[in-house]
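The structure appears right after this line, and notes come after that.
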Amino acid sequence: QVQLVETGGGSVQAGGSLTLSCTASEYRSNICALGWFRQRPGQEREGVATLFTKISKTYYADSVKARFTISQDNVKNTLYLQMNNLKPEDTAMYYCAAVERKCSTNSWDKADLFRYWGQGTQVTVSS
């Protein structure tokens, strides 16, 4: 199966920026969506941003829409999440994920529909 590895997490103060990276172990032409999710202790995993690669369409959670940008580098098999103006509420474990073959834009934030997952990278934002 495809292995995903996230890097770039760390601790920053509110207002700072971080860029997360997610590198895939291999390229698969049938991957149709790549997404970022986050999870706070005791909370459900929530969708942050998803890129539908076949149609070049992106979706963002309302809470991050004006601050985060999802993108990919096909040559490097890498997905990015540029996070600006970070807030304490952004503190969470961030995961990247991928869907193969069949994607629905209505499910951009549905974690249960993503097959491949990274191990996560921690982002901590202090006041």
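The values are calculated or read from the model by the stated rules, or taken from the named source; none is laboratory data. Fair warning: this is a prediction, and the values are worked out from it, not measured in the lab. Cβ sites come from the backbone with ideal geometry, for glycine too, and all protein chains shown count toward neighbours. Protein only, heavy atoms only, side chains kept; ligands, DNA and RNA dropped before computing areas. Shrake-Rupley method; radii C 1.70, N 1.55, O 1.52, S 1.80 Å.
Multiplying the residue separation of Ser17 and Ala66 by 0.36 nm and removing their Cα-Cα distance gives an extension gain of 16.3 nm. Given R0 = 22 Å, the distance between the Cβ atoms of Tyr27 and Ala111 translates into a calculated FRET efficiency of 0.45.
Computed over the alpha-carbon pairs of segment 58-126, the distance histogram in 5 Å steps reads 3, 13, 22, 28, 22, 10, 2, 0 percent, short to long. Its relative contact order, with pairs defined as Cα atoms under 8 Å and 6+ residues apart, puts the chain at 37 percent. On a per residue basis, the chain carries 54 Å² of accessible surface, using protein heavy atoms and a 1.4 Å probe. A simple count of charges around Ser21, restricted to other residues whose Cβ falls under 14 Å of its Cβ and scoring Lys, Arg +1 and Asp, Glu -1, yields -1.
If you take the alpha carbon atoms of the chain and fit the smallest convex hull around them, that volume is 96 Å³ per residue. Sequentially through segment 115-127, phi angles give Karplus couplings (6.51, -1.76, 1.60; θ = phi - 60°) of 8, 9, 9, x, 8, x, 9, 7, 10, 10, 10, 9, 6 Hz, Gly and Pro residues having no value and appearing as x.
Give the carbon-plus-sulfur fraction of the accessible surface of the chain in %, rounded to a whole number; probe 1.4 Å, heavy atoms of protein chains only. Carbon plus sulfur share of accessible area: 44 percent.
For a straight C-alpha distance cut-off of 19 angstrom, the lysines reachable from Lys57 (same-chain residues fewer than eight places away being disregarded) are Lys65, Lys102, Lys110.
Each part gets one Cα centre, and for segment 96-127 versus segment 72-87 those centres are 13 Å apart.
By how many nm would the segment from Ser126 to Asn85 grow when fully extended, if each residue of separation counts as 0.36 nm and the alpha-carbon distance is taken off? Can you show the working numbers first?
On the way: separation 41, 0.36 × 41 = 14.76 nm, distance 1.19 nm.
Stretched out fully, the Ser126 to Asn85 stretch lengthens by 13.6 nm.
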